[in-house]
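*Asks:* The structure is given below, and queries will be raised subsequently.
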Amino acid sequence: MEGGGGASPEILEESHSGCVLPTSLGANSLKKSSWGFLFTGIIGGTLVAVYAVATPFLTPALRKICLPFVPATTKQIENVVKMLHCRRGSLVDIGSGDGRIVIAAAKAGFTAVGYELNPWLVWYSRYCAWREGVHGSAKFYISDLWKVTFSQYSNVIIFGVPQMA
């Protein structure tokens, strides 16, 4: 080809089977292959992350008795703290959710513990307790409420839903 405007010729090599194979792959095909791996990795990583975050929130729906996470309102928290005003001893919140009641009780001077089945909510509760400066008196554990002994606590708090009865 004269004039230089065409594609570069590809050198071909004859194999033992009689087929003609290219001796080198073009840089363009390697780029396509790299983008494919990158795209597959991003999609796969995103799906794994969504699965890891969504699973603790969706698995309660698969149980025989579904207990959803319903955050306590400010008024409910105020009522709990008001009821604890003349009480002493340790406190446990069964199904502590995002830890609002445990943190409020710790701020009121109680040694408070929260049990929650959802690990994401427990980790968030621990972070909130640390942020509020009560991480020494507010503890959170990942556990099923049916597998914990509450005899060491003087005050037990549980917000139930009709499905629990």
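Just so you know, all these numbers are worked out from the coordinates, no wet-lab data involved. This structure is a prediction, so every number in the text was calculated from the model and none was measured. All Cβ positions, even for glycine, are placed from backbone atoms using ideal geometry, and neighbour counts span all protein chains on display.
*Asks:* Taking the Cα centre of the stretch 74-158 as origin, sum charge times position over the Cβ atoms of Lys and Arg (+1) and Asp and Glu (-1), and report the length of that vector in debye to the nearest 20.
*Replies:* 240 debye
*Asks:* Place a point 7 Å from the Cα of Arg87 along the Cα-to-Cβ direction; which residues of the stretch 115-129 have their backbone N under 18 Å from it?
*Replies:* Output list for this probe position: 115-116.
*Asks:* With a 10 Å radius around each residue's Cβ, average the other Cβ atoms per peptide and rank 101-112, 80-91, 120-131, highest first.
*Replies:* By packing density, highest mean first, the sequence is 101-112, 120-131, 80-91.
*Asks:* Using label points projected 7 Å from each Cα along Cα→Cβ, tell me how many nm separate Tyr51 and Ser151, to one decimal.
*Replies:* Distance between label points: 4.2 nm.
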